[in-house]
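Here's the structure we're looking at; comments come further down.
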Amino acid sequence: MIEESISKDSIKASDLINSDLFISFNGTQSKLSVRKKDGILGNFQEWTFKESENILDLLSLGNADLEICKSIHLLTHFDQYTLIPAKFYDNSHNKDFLAQLSVLDNTLPIRADFIELVNAFIVYQLSSNELEFLKIWPKQTKVHHHAAIFIQYQLERIRSNKPEVYIHFEENNFNCIIFIDKQLVYSNNQGFYSASDAIYFILAIFQQLQLNTNEEPVIISGRIMPFSDLHNSILRFIKNVQWFTTTEFKSNIIEDSNFPHLFSDLIRLSACEL
């Protein structure tokens with residue numbers, strides 16, 4: 001794996017020349033980063049926009065600017081998905097897979113991506129807002145589901161047979177994946193309304209898999225603000241908390257504690273798409 005640097009600065013059209021553009025999209029919450037042709041991963045940005053706003057206008061960029069990118073990777077956090085083992089997968093049953101979860105929207109197309117490391121397909125739909133969003137991007141855009149990247153990134157880095165728990169938070173939902181004996185044993189997205197809801201669901205997952213919240217390390221990433229109710233509840237009920245970070249990147253801003261776990265989805269995506 002090549003070594004990359006991390007910087008945090010504004011984006012210009014010149015930054016996109018022969019670069020890889022990574023965008024994390026979650027409703028009206030979005031994040032962006034650029035890996036330049038010299039291998040530096042930087043230009044980290046986060047913003048909120050209204051449904052009526054054009055994201056390119058907010059960035060002062062146009063379609064012509066994006067055409068000069070080497071590649072564009074769009075990461076969806078849409079929380080309605082299911083994993084189907086390859087031996088049971090039949091694309092003619094995609095609607096049935098989602099209908100069983102009571103999440104099927106017949107007005108939206110269904111996507112299915114193969115996750116080679118677990119020999120399974122992730123079946124999901126993009127929201128109508130995301131479909132409108134995708135219309136403005138050039139042909140070199142590749143769409144990824146966060147759960148698939150989450151699984152791939154962590155599975156490639158497992159070094160122990162002991163249980164490994166990873167939880168990534170977005171606004172009002174979290175994605176949890178768990179490995180035991182280097183095998184994926186749990187992957188699911190759970191919505192919540194309050195910090196107590198989130199903790200309740202996390203503890204229920206631990207109980208279901210007979211894991212010990214006092215012993216098992218839990219690696220946390222995503223949208224968690226320091227000293228928030230969610231932050232404090234996690235530290236109260238989970239004793240072995242570790243915040244996502246990485247040793248694969250050089251960085252002069254890793255000391256900013258909000259940075260590594262807040263932008264972990266883009267870091268994982270960049271690492272998977274080297």
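Computed values, structure above
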item: Members of the stretch 179-190 that are touching an Asp or Glu at 6+ places or on another chain (Cβ under 7 Å) and surrounded by fewer than 12 Cβ atoms within 10 Å (Cβ to Cβ); result: none
item: Residue among Ile151, Ile136, Ile122 that is surrounded by fewer than 14 Cβ atoms within 10 Å (Cβ to Cβ) and in contact with a helix residue (DSSP H, G or I) (Cβ under 9 Å, 6 or more places away or on another chain); result: Ile136
item: Selection from the stretch 202-215 of residues that are surrounded by 15 or more Cβ atoms within 10 Å (Cβ to Cβ) and at pLDDT 90 or above; result: Ile202, Ile205, Phe206, Leu211
item: Matching option when the condition is β-branched (Val, Ile, Thr) and in a loop (DSSP other than H, G, I, E, B), among Ile177, Ile158, Ile151, Ile167; result: Ile158
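Yes/no matrix, rows are residues, columns are (1) in contact with a Cys (Cβ under 6 Å, 6 or more places away or on another chain); (2) touching a residue at least 24 places away in the same chain (Cβ under 8 Å); (3) outside any loop (DSSP other than H, G, I, E, B); (4) among the acidic types (Asp, Glu):
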position	(1), (2), (3), (4)
Thr107	no, no, no, no
Ile122	no, yes, yes, no
Glu130	no, yes, yes, yes
Lys142	no, yes, yes, no
Ser187	no, yes, yes, no
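The values are calculated or read from the model by the stated rules, or taken from the named source; none is laboratory data. The model shown is predicted, which means the values in this text are computed figures rather than measured ones. Note that each Cβ is placed from the backbone with ideal geometry, even for glycine, and that neighbours are counted across all protein chains shown.
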